[in-house]
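Everything on this sheet refers to the single structure shown next.
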Amino acid sequence: AAPDANHWLGMARDNAARERFFNELEALITQHRYDGVDIDWEPSAQTDPDQATYTEFMRQLRRRFPKWVLTTALGTGDWNARHISWREVAKNVDYINLMTYVFAGAWTGHSAHNANLGAPSDVSDGSPLSVRKNVDDIIHKYGVPAEKLTVGLAFYGIQFSTDRIGQPFPERARYKGEEITYTQLARLAERPEYTKKWDEGALVPY
């Protein structure tokens, strides 16, 4: 992923650059006989000016391609959601693909689930994030119709060097939320020093 959205913002704020992007996109879609396009604008808008640029871009995209299937991928949780004009974006797309994962990492300071469906059973985790809560917020707090939403799933894990979920990791910990692929995870599960557990509240294995 890019460290910032400057390339997106620079293109969208320049009328000539945006028109060129639309022209090249139309040629690509037409050549391959695709039905439409998904706009994965990452990272999502972090300021009100950035969200205004993103929203106007999506409005212009729909105006240019009224019959295409248009989707966009957006992060959930208030940190990501607060600078998105959700109702306006929903008007201009067929679906919003919610990125309901990356709930934990080095920034949390403790081990936690990556994409838990519900609230963790271990309250020491302290994480307010869950797929269920985030989707509910997008529907009820931000006013997006449920039929406009699809839920993105995480088919990968994250690693922490702690003894249990919710435990802080030391500064020199080997793992602080690094990604691990499904294949790597399956191999670890076969090793005797690892034990598979189930979090009844979070509704996820670990």
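Of everything in segment 177-206 that's touching a Phe, Trp or Tyr at 6+ places or on another chain (Cβ under 9 Å) and in a loop (DSSP other than H, G, I, E, B), which residue is surrounded by the most Cβ atoms within 10 Å (Cβ to Cβ)? Filtering first and then ranking leaves Tyr206. Checked against the criterion of being closer than 30 Å to Pro168 by Cα and over 14 Å from the mean Cα position of the chain (by Cα), the candidates Pro3, Pro43 yield just one match: Pro3.
Quick check, is Arg59 among the charged types (D, E, K, R) and under 24 Å from Lys91 (Cβ atoms)? Spelling it out, Arg59 is indeed among the charged types (D, E, K, R) and under 24 Å from Lys91 (Cβ atoms). Considering segment 130-178, and only residues there that are under 17 Å from Thr72 (Cβ atoms) and among the hydroxyl-bearing types (Ser, Thr, Tyr), the residue that is farthest from the chain's Cα centre (by Cα) turns out to be Tyr142.
When you check Val89 against the structure, is it β-branched (Val, Ile, Thr), buried (at least 17 other Cβ atoms within 10 Å of the Cβ), over 14 Å from the mean Cα position of the chain (by Cα) and assigned to a helix (DSSP H, G or I), yes or no?
Details: β-branched (Val, Ile, Thr): yes; buried (at least 17 other Cβ atoms within 10 Å of the Cβ): yes; over 14 Å from the mean Cα position of the chain (by Cα): yes; assigned to a helix (DSSP H, G or I): yes.
Here the answer is yes, as Val89 does meet what is asked.
Looking only at segment 118-176, residues that are closer than 29 Å to Asn92 by Cβ, outside any helix (DSSP H, G or I), open to solvent by less than 40 Å² (accessible area, probe 1.4 Å) and aliphatic (A, V, I, L, M) come to 3 in all.
Filtering segment 11-33 to residues that are out of contact with any Leu (no Cβ under 8 Å at 6 or more places or on another chain) and of a type in the set (Phe, Trp, Tyr) leaves only Phe21. Whenever a residue of segment 14-39 is at pLDDT 95 or above, its partners that are among the β-branched types (Val, Ile, Thr), lying with C-beta atoms within less than 6 angstrom and at least six residues away or across chains, give the pairs Asp35/Val69; Gly36/Val69; Asp38/Thr71; Ile39/Thr72. When you go through (1) in contact (Cβ under 8 Å) with a residue 12 or more places away in the chain; (2) within 27 Å of Ala52 (Cα to Cα) one by one for His140, which number turns out not to apply? Single failed check for His140: (1).
Out of the helices (runs of 4 or more DSSP H) lying entirely within segment 1-83, which hold 2 or more residues that are touching a Lys or Arg at 6+ places or on another chain (Cβ under 8 Å) and within 30 Å of Ala115 (Cβ to Cβ)?
Values: elements: 6-12, 15-32, 48-64, 78-81.
In segment 1-83, 48-64 are the helices (runs of 4 or more DSSP H) which contain 2 or more residues that are touching a Lys or Arg at 6+ places or on another chain (Cβ under 8 Å) and within 30 Å of Ala115 (Cβ to Cβ).
Restricting segment 9-45 to residues that are exposed (fewer than 11 other Cβ atoms within 10 Å of the Cβ) and small (Gly, Ala, Ser) leaves a set whose member that is nearest to Thr71 (Cα to Cα) is Ala27.
The values are calculated or read from the model by the stated rules, or taken from the named source; none is laboratory data. All values reported here derive from a predicted model rather than from experimental measurement. We place every Cβ from the backbone using ideal geometry, glycine too, and count neighbours over all the protein chains shown. Areas reflect the complete protein model, heavy atoms only, side chains present, ligands, DNA and RNA absent. Shrake-Rupley method; radii C 1.70, N 1.55, O 1.52, S 1.80 Å.
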